[in-house]
Amino acid sequence: MVRLVLPIFLVLCISLLQETSCLPSRTRKAVPGQQTAAEDDDVKSQLEKLWEEVNSLKEIQALQTVCLRGIKAHKKCYLTIEEPKHYHEANEDCIAQGGTLATPRDVNENNELNNYAKRSAPGSKDFWIGVADIVKEGQYVDVNSMPISYWNWDRSKKQPTGTKRESCVVLSVAAQGKWYDEVCRSQKKYICEYLIP
């Protein structure tokens, strides 16, 4: 549906622009081949607005495609990526796709991520999430360097271990969604998160 709407929208916009730019001005007599600077600016302004709308529609279409492959929950889309990467590569890949590594903000989001990871990648047990203490040991932040107020550490394994080597956080499906810290260079599958506008 969206793929059909975009081309129709573009055709209508272009035809409207052609129609409005060909009409003579009401305040003065039209002289063929002459346009005032104000008319030029008006046409440029209309074109810029159209391109903004087209780019916005492209972003929405891309997000809908991601959401179709993943799940929608809590005003976000989540998508598991099964090609293992180290933490920084995983985060860069999510950013390149228009998102970030998933960061559960409460128990409901954490449970949703755990259940989705279990269903979407059966047999996989660990996934990078967007939490780390790379900058300051013991101070866990999300991928935007904002402090987190929710965590789900696996206390049975004395997590987080608190060592400087293990600075990136993994959601463990094997441990029912509990978290543990890990060496950032380890290869793990990961979950990307995309905000729904």
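Kindly indicate which of Leu171, Leu113, Leu195 is of a type in the set (A, V, I, L, M), in contact with a helix residue (DSSP H, G or I) (Cβ under 8 Å, 6 or more places away or on another chain) and touching a residue at least 12 places away in the same chain (Cβ under 8 Å). Working first, answer last.
On the way: Leu113 fails: in contact with a helix residue (DSSP H, G or I) (Cβ under 8 Å, 6 or more places away or on another chain); Leu195 fails: in contact with a helix residue (DSSP H, G or I) (Cβ under 8 Å, 6 or more places away or on another chain).
One residue alone meets the criteria, Leu171.
For segment 79-107, enumerate the residues that are crowded, with 21+ Cβ neighbours inside 10 Å, outside any loop (DSSP other than H, G, I, E, B) and within 9 Å of the chain's Cα centre (by Cα).
Cys94, Leu101, listed by residue number.
Given the conditions (1) under 13 Å from Ser172 (Cα atoms); (2) touching a Gly at 6+ places or on another chain (Cβ under 9 Å), report the number of the one that Asp126 does not fulfil.
If we test Asp126 against (1) under 13 Å from Ser172 (Cα atoms); (2) touching a Gly at 6+ places or on another chain (Cβ under 9 Å), just (2) comes out false.
Table: residues versus (1) modelled with pLDDT of 95 or more; (2) not polar (S, T, N, Q).
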| site | (1), (2) |
| --- | --- |
| Gln64 | no, no |
| Ala73 | no, yes |
| Thr103 | yes, no |
| Ala132 | yes, yes |
| Gly138 | no, yes |
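The values are calculated or read from the model by the stated rules, or taken from the named source; none is laboratory data. Here the structure is a predicted model, which means the values were calculated and not measured. Cβ atoms come from the backbone with ideal geometry, glycine included; neighbour counts cover every protein chain shown.
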